[in-house]
1. With every protein chain left in place, what is the accessible area of Arg21 in Å² (1.4 Å probe, nearest 10)?
2. Using amide H atoms built 1.01 Å from N in the peptide plane, name the residues 5+ places from Tyr80, or on other chains, whose amide H lies under 5 Å from its own.
3. Could you run the Karplus curve 6.51 cos²θ - 1.76 cosθ + 1.60 with θ = phi - 60° over segment 129-135 and give me ³J(HN,Hα) per residue in whole Hz, x for Gly and Pro?
4. Give me the distance in nm between label points sitting 7 Å out from Cα along the Cα-to-Cβ direction at Ile77 and Leu115, one decimal.
5. Mind listing the long-range amide H neighbours of Tyr97? Cut-off is under 5 Å, sequence gap 5 or more, other chains count too, H placed in the peptide plane at 1.01 Å from N.
6. Please list the radius of gyration and Dmax for segment 99-152, considering alpha-carbon atoms only, with Å as the unit.
7. Under the Karplus relation 6.51 cos²θ - 1.76 cosθ + 1.60, θ = phi - 60°, what is the ordered set of whole-Hz ³J(HN,Hα) values for segment 55-60, x standing for Gly and Pro?
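The values are calculated or read from the model by the stated rules, or taken from the named source; none is laboratory data. Keep in mind that this is a model prediction, so the values were computed, not measured. Positions of Cβ are backbone-derived with ideal geometry, glycine not excepted, and every protein chain shown enters the neighbour counts. Only protein heavy atoms, including side chains, enter the accessible area calculation; ligands, DNA and RNA are left aside. Shrake-Rupley method; radii C 1.70, N 1.55, O 1.52, S 1.80 Å.
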Amino acid sequence: GDTTILTPPTRKAPAPVAQQRELRIYDARNRRLVTAIEVLSPANKQGSGLVKHMEKLQSYWRSDVNTIDIDLLRGGIPPYSIEIVPLNQDHTTPSPYRIVQIRPNIKTLLWEIGLVDTVPTISVPLSYPDQPVVLNVQQAFTEFYAYSTYPARTDDELKHLQLPLDKDDMAVLGGYL
C-alpha cells in the first residue's frame, strides 16, 4: 500500500487548554453524521463529564450514528455497559484498555487490549453502500505521540496520568520492566 510520511512540525508551541475532541465522519451526499470516534479522557470517565459523554452516546445511537470509543485509561468508569463474554477458557480477566465500536441496532464490537499489546487495527463503519475503512490505531497514536508535546514533558508534568498498577498488572509487566 501507499506509505504516507508526515511532515515534521517547524516549531513547538505550548500545549493548548484540554478540550474534548472527537473525529466525526459525515456522509457528504446526505449531509448526515455517520460515525463519531473519540479517545476517552479522564473527564469522559468520571463525574459530570461521564454523564455528558453517556448522554452524547445515547443521542448518537438514537440517530443511528456509529460510535467508536478508544479507552486507553485504566481509571474511571466506562461510559457504556457491555457484558464481556470470554472467547476461551484462558480469557477470564478483563483487559485494562479497550476499543468499543457500537453500530446501533446492528452489533457491538469490542477489542480488548492488554498492558503490553499492540493497539489493534480496526474497521470504521461508513454509510451503506460504502465499505468500512481501516484504521491502524497503533500507527495513529505512534505518529501523534511523535509530533506531540508528550516526549518533551517531564515526569512531574505527566505524573497525574500514571495510575498505580495492581499486582496482576505488575505480574504481566514483570517481564517487560
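1. Arg21 exposes around 150 Å² with every protein chain in place.
2. none
3. Result, rounded to whole Hz: x, 5, 6, x, 9, 9, 10.
4. 2.6
5. Correct list: Ile113.
6. Taking only Cα atoms of segment 99-152, I get Rg and Dmax of 14.1, 44 Å.
7. Those phi angles translate into 5, 5, 4, 5, 5, 4 Hz.
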